[in-house]
1. On a straight-distance basis, which lysines could pair with residue 107 in a cross-link, Cα separation under 26 angstrom, same-chain partners fewer than 8 positions away excluded?
2. I need the Kirkwood Rh of the range 159-226: take the reciprocal of the average 1/r across all distinct C-alpha pairs and report it in angstrom.
3. Give the long-range amide H neighbours of residue 181: residues separated by 5 or more places, or on another chain, with amide H under 5 Å away, using H modelled in the peptide plane at 1.01 Å from N.
4. Dividing the alpha-carbon Rg of the range 1-72 by 2.2 N^0.38 Å yields what?
5. Nearest 500 deg cm²/dmol is fine: what mean residue ellipticity at 222 nm does the chain get from its DSSP H runs of n ≥ 4 alone, each adding -39,500 (n - 2.57), divided by its residue count?
6. Can you give the FRET efficiency for residue 275 and residue 143, using 1/(1 + (r/R0)^6), R0 = 30 Å, r = Cβ-Cβ distance, to the nearest 0.05?
7. Where does each of 169, 236 land when they are ranked from fewest to most other beta-carbon atoms within 10 angstrom?
8. Would you work out which of 306, 251, 49 lies farthest towards the positive end of the dipole of the range 8-327? Charges go on Cβ: Lys and Arg +1, Asp and Glu -1.
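What follows is calculated from the coordinates using simple rules that are stated; it is not laboratory data. Model, not experiment: these values are computed from the prediction. Backbone-built Cβ (ideal geometry, glycine too); neighbour counts: all protein chains shown.
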Amino acid sequence: MSKLFQEFKLKNLTLKNRIVMPPMCMYCAGEDGMVTQWHVIHYGTRAVGGAGLLLVEATGVCPEGRISSEDLGLWNDDQIEGMKRLVEAVHDNGARIGIQLNHAGRKCTAEGMDIEAPSPIPFDDESATPREMTASDIDETVEQFRQAAARAEQAGFDLIEIHGAHGYLLSEFLSPLTNKRDDQYGGSAENRVRFLGRVVDAVKTVWPEEKPLQVRVSAEDYEEGGNRAEDLGEMLNLIKGKGIDIVNVSTGGVVSAAPKAVKGYQIPHGEVVKTMTGLPVIAGGLVTEAQEAEEIIASGKADLVYIGRELLRSPYWPLKAAGELGADIPWPKQYERAKR
């Protein structure tokens, strides 16, 4: 039996397979971060295509938390109804759905926003210099994550992912390249992970205990003096007891240094985090072939594998992969004539 098509259970969440579509911004939200029909079709189609878990793109916990003016948001109650439509479209077609809650920090490009970060360091020469966050700013942001998580629960999501990767706000606090603070949020690993730990604590007050809470991290900064996978493992160990159930491991995005992206290039980082923390891990990185994904799961390198660009190109990739791996899975009844 194919390992890729075995069920995966975590708390009350049961996935029909180990295939995850990671968050990928669509840059087409309506006014004020509202869900559009594009989102409903986009996520619904990947559910029909057979993926086990779909993660909704980076969703701002406040207007300045968006990466761009065209990103989704969950900072007010008016945005809940559109999110419910996404959840229903995915559930109706046999998949589970999570949402990635985010604050863009210094990488916010939304118009007219107050750009803030742990330290007043711009991302690059073309980016605005952010304002250094005060303790009260941090308190306010923690509360914004809590309120967004409560709305995610109202919308019916199966899982929440806190975005601590790719150089957005929480990731900026984690990395010594972007966090030069000398207060309780800077310096040591314990201090740099404090903000993320507070967000986890706040989300747990409104997110049901029976539902999984996931964190995404960048396990490699690709620049001297930056974080490595071992550093992220250490920091996650300091806060995992607060209620982190699973880790989505990516790399990069903290500074402009780019990785050498090759097939499976982020899998080793996921292995380190998995070994150090003992937590289940989602990993990937330019995985396009069924046998590649199968080997990642069968070898125990990761518990789930994310398929990103390939699911943009081929929404029904899981159905095709099942055939290649000899896994006899149910197809949507409307498509059964094409199964063989």
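1. Filter leaves 180, 260.
2. On the way: mean 1/r = 0.0789 Å⁻¹.
Averaging 1/r across every pair of different Cα atoms and inverting gives 12.7 Å.
3. 187
4. Working: Rg = 14.7 Å, N = 72, 2.2 N^0.38 = 11.2 Å.
After normalising by residue count via 2.2 N^0.38 Å, the value is 1.32.
5. Values: 11 runs with 111 residues, N = 340.
Rounded to the nearest 500, it is -9500 deg cm²/dmol.
6. So, using R0 = 30 Å, E works out to roughly 0.30.
7. Ascending Cβ contact count within 10 Å gives the list 236, 169.
8. Checked the options; the winner is 49.
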